[in-house]
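We did not get these values from a lab; they are worked out from the coordinates using the rules stated. From a predicted model like this one, the values you see are computed outputs, not experimental measurements. FYI the Cβ positions are ideal-geometry reconstructions off the backbone, even for glycines, and counts take in every protein chain you see.
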Amino acid sequence: MKTIMIILACLLAAMPALQASTKAETKAQEKRNAEVQDGILKKKPEEAWKDLPRPRNGIYIVNTHNLSWGGRGAKVLRVAYYLDNQLVEEQGDIKIAWAADDYPAVEVEFPDDKAFNLVRVDIVEPFSQGAGLAEIEIWVDGSNVAPRARISGSKYPRPGLCEIENLIDGKVDFGDGAGYWLTGEKPAYVELKLRREVKVKAEPKLMVPPPPPPAPVDAPKAHSGKGRLP
Ligand SMILES: [Ca+2]
């Protein structure tokens, strides 16, 4: 009898550990399921961002979330185009989404039929504690010319971390302070001096014909008053 009691006591003592182990296994399985879609291992966000469609002509700006540190990035941007230091066109109030575990992006159109050789991006409203971005791409006729641009702008106080050159390195993160840019300076801005002038002809807008008017519905005929009522 005493032996049975001892075994029971041991089993009861082990129960919480068993429950914790089952919970951990369930969580691990859920994580594996989330990583697989249609039997194929899904790409991680730091790889999947590259597969999203890009404009043939235009700017593609990718937000950062500052890895697990969080609390930094961009909310509202302004993009300005210059030709030999003369302002050509400016687009303000460009909103960009922010996500703690992803890399949302925003597309910005080039000015139509106007030459420029410098692009400036201002972080008008940073996300939470400070400004930052992960990548800036400048697509001209299907090629990203940003990596060949001369880049300058607001800096991060610690050399070797979150440097502005990270904005044109083709990555969004690969470790603390690598692949993305942060700054505490105000204004928070980036300038990309292009190797050559860019002038893109306005692309014809697709003319979508207006939908046809709805077919007239026959009004119910008034009863003649003759004959039997239904
Ligand atoms: Ca980058």
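Brief remarks follow.
- Asn57 paired with Ala24, simple spin-label distance in nm, labels 7 Å along Cα-to-beta-carbon: 5.8 nm
- Links that overshoot a 18 Å alpha carbon limit, given the list Lys114/Lys193; Lys42/Lys75; Lys50/Lys171; Lys43/Lys171; Lys43/Lys95; Lys114/Lys201: Lys42/Lys75; Lys43/Lys95
- Cβ crowding within 10 Å averaged over residues, with 161-170, 126-135 ranked highest first: 126-135, 161-170
- Note: relative contact order over the stretch 53-198, using C-alpha pairs below 8 Å and six or more positions apart, is 29 percent.
- Near the amide H of Phe127, within less than 5 Å, lie the amide hydrogens of Gly73, Ala74, Lys75, Gly132, all on another chain or at least 5 residues away, with H placed in the peptide plane.
- Charge tally in the Cβ shell below 13 Å around Gly177, where Lys, Arg are +1 and Asp, Glu are -1, Gly177 excluded: -1
- Net charge of Cβ neighbours under 9 Å - reference Glu191; Lys, Arg +1; Asp, Glu -1: +3
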